[in-house]
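Q: One structure, as structure tokens, below. Some questions next.
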Amino acid sequence: MDNRTSKINVENVKAGMILGQNIYDNNGNILLSKGIKIRDSYLKKIKDLGIDEILIVNEEKDNSCSNYCRTMYHDNSHKKIIFEKTRREAKDFIEKTMKKIYFDNNIDVERLKSIVSNILDNLLSNDEVIISLENLRKVDDYTFEHSVNVCILSLVIGISLGYSYDELLDLGIGAILHDIGKMMVPKEILNKPGPLTAEEYDIVKKHTIYGYEIIKKNSLISEIAAQVVLSHHERPDGCGYPQGKSLDDMHCYSKIVAIADVYDALTSNRTYKSKVDAYEALEYIRTMAGSQFDKEIVKEFIKCIGIYPVGSIVRLNTNEVGLVVDINKFKPNKPIVRILIGNDGRKVTDYIEVDINKNPDVAITSLIHEYKL
């Protein structure tokens, strides 16, 4: 602790104060980032974790800061986090549903709608949302976490496209159930730690049909959501499966889920491959626009995720190294960057963020694929 922060009992913390430390959940993952403006909902979570005291940034300004530093972005009040509890509930529900689907095709549709609605409400309640899925990556739970991640990403795109609440609900249900048919694929094929044979791949491809048949047995799930499950591997060039549909025959929801599905798969560790950087995944999707993915939805996805997605490590023209912590949907090449390494090559200890859009003299010069701090 230094003279810019003070330790305060949580009972005396008020909404609007600036958090002077990272707050971690019980798994050691960052729940609230240093520098955010505290809200009542954040304060409740801090109390729920049993934390009695936290560091708060003092109101006094640091007059020793340079002009450049004073133009740095410090007000993170617009940043929000999709609450871990909501995601965990969604993951637990989809895991239980998918594990029993082999024996019982009945889905608790009311609970399913409530789960998707909670995710949607978290997204809609925020003008800007940090999409950070990194803390959910576990190889052994890939299928279930992947389903939730694809739901979240699909809803973000749908919101950006201006869909109504009911439309988003159908999209979210189709997205979270998109891989439900994989439970009918033999596990030794699904979890094979190496390339599939042509015969094995043909079996895996049937998961779209299996899933569609499961959904059709649940009359409370819409046909549109069922079509997402059936058609999320179709392609605009007609080379997809299971029906080889063309662009005009594909429902827009299926086009959205196709992108979210591949993006999350590429950025996740699997038993047979390591994840790629978010930037590389985005670059792949961009190069496949028009053939594997719908061009217009790819453009919308890039607006939502950013050319430099949250979590990217970048070098600035100031020779500083930073972490992308937020994006600018209207100017994807001008994100908000948290400085990690100063221009002297030393690790930065003070919490400083640069909004590149508000600092015209600052620019990203390169993406750093691997950087040891």
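The values are calculated or read from the model by the stated rules, or taken from the named source; none is laboratory data. Everything quoted here is computed from the prediction, not taken from an experiment. With ideal geometry, Cβ positions are generated from the backbone for all residues, glycine too; neighbour counts draw on all protein chains shown. Remember, those area values only see protein heavy atoms, side chains included, never the ligands or the DNA or RNA. Shrake-Rupley method; radii C 1.70, N 1.55, O 1.52, S 1.80 Å.
Q: Check the range 21-35 and report whether any residue there is under 10 Å from Ile56 (Cα atoms), charged (D, E, K, R) and either out of contact with any Pro (no Cβ under 7 Å at 6 or more places or on another chain) or at pLDDT 75 or above (or both).
A: yes
Q: Let me ask something else about it. Return the only residue of Arg315, Arg338 being in contact with a strand residue (DSSP E or B) (Cβ under 6 Å, 6 or more places away or on another chain), among the basic types (Lys, Arg) and over 24 Å from Gln21 (Cα atoms).
A: Testing whether each residue is in contact with a strand residue (DSSP E or B) (Cβ under 6 Å, 6 or more places away or on another chain), among the basic types (Lys, Arg) and over 24 Å from Gln21 (Cα atoms) leaves just Arg315.
Q: Go through the range 215-226 and give me each residue that's open to solvent by less than 40 Å² (accessible area, probe 1.4 Å), assigned to a helix (DSSP H, G or I) and within 16 Å of Met184 (Cβ to Cβ).
A: Ile215, Ala226
Q: Still on this structure: In the range 93-111, which residues are open to solvent by less than 60 Å² (accessible area, probe 1.4 Å) and in a helix (DSSP H, G or I)?
A: Scanning the range 93-111 gives Phe93, Ile94, Glu95, Thr97, Met98, Val109.
Q: Read through the list (1) under 25 Å from the mean Cα position of the chain (by Cα); (2) exposed (fewer than 13 other Cβ atoms within 10 Å of the Cβ); (3) modelled with pLDDT of 80 or more; (4) under 25 Å from Asp179 (Cα atoms), then give the number of the only condition that Lys138 fails.
A: (3)
Q: Of the conditions (1) over 24 Å from Ile152 (Cβ atoms); (2) at pLDDT 90 or above, Ile352 fails just one. Which one is it?
A: The failed condition is (2).
Q: Restricting attention to the range 277-306, and to residues there that are open to solvent by less than 50 Å² (accessible area, probe 1.4 Å) and part of a loop (DSSP other than H, G, I, E, B), which single residue is nearest to Thr349 (Cα to Cα)?
A: Going through the qualifying residues, I end up with Gly306.
Q: Filter the range 171-195 down to residues that are part of a loop (DSSP other than H, G, I, E, B) and of a type in the set (A, V, I, L, M, F, W, C) and give me whichever is surrounded by the fewest Cβ atoms within 10 Å (Cβ to Cβ).
A: Val185
Q: Specify which of the listed residues (Asn319, Asn328, Asn269) is modelled with pLDDT of 90 or more and in a loop (DSSP other than H, G, I, E, B).
A: Checking each option against the conditions leaves just Asn319.
Q: Do we find that Tyr263 is part of a helix (DSSP H, G or I) and touching a residue at least 60 places away in the same chain (Cβ under 8 Å) in this structure?
A: When the stated conditions are applied, Tyr263 passes them.
Q: Now a separate question. Evaluate the following for Tyr201: is it aromatic (Phe, Trp, Tyr) and in a helix (DSSP H, G or I)?
A: So Tyr201 passes the test.
Q: Also: Pairs under 9 Å by beta carbon, first residue farther than 19 Å from Asp350 by Cα in the range 12-28, partner modelled with pLDDT of 70 or more and among the acidic types (Asp, Glu), six or more apart or different chains?
A: Here the result reads Ala15/Asp40, each pair linking the range 12-28 to a residue that is modelled with pLDDT of 70 or more and among the acidic types (Asp, Glu).
Q: Starting from residues that are aromatic (Phe, Trp, Tyr) and closer than 11 Å to Asp179 by Cα, keep the ones in the range 198-214 and report whichever is least open to solvent (accessible area, probe 1.4 Å).
A: Within the range 198-214, the match that is least open to solvent (accessible area, probe 1.4 Å) is Tyr212.
Q: Filter the range 227-260 down to residues that are in a loop (DSSP other than H, G, I, E, B) and among the small types (Gly, Ala, Ser) and give me whichever is surrounded by the fewest Cβ atoms within 10 Å (Cβ to Cβ).
A: My answer is Gly244.
Q: Can you confirm whether the range 307-314 contains a residue that is surrounded by 14 or more Cβ atoms within 10 Å (Cβ to Cβ), hydroxyl-bearing (Ser, Thr, Tyr) and not in a strand (DSSP E or B)?
A: yes
Q: Can Ser147 be described as modelled with pLDDT of 70 or more and out of contact with any Lys or Arg (no Cβ under 6 Å at 6 or more places or on another chain)?
A: yes
Q: Also: Can you find even one residue in the range 60-73 that is touching a Cys at 6+ places or on another chain (Cβ under 8 Å) and either surrounded by 19 or more Cβ atoms within 10 Å (Cβ to Cβ) or modelled with pLDDT of 80 or more (or both)?
A: Within the range 60-73, none of the residues are touching a Cys at 6+ places or on another chain (Cβ under 8 Å) and either surrounded by 19 or more Cβ atoms within 10 Å (Cβ to Cβ) or modelled with pLDDT of 80 or more (or both).
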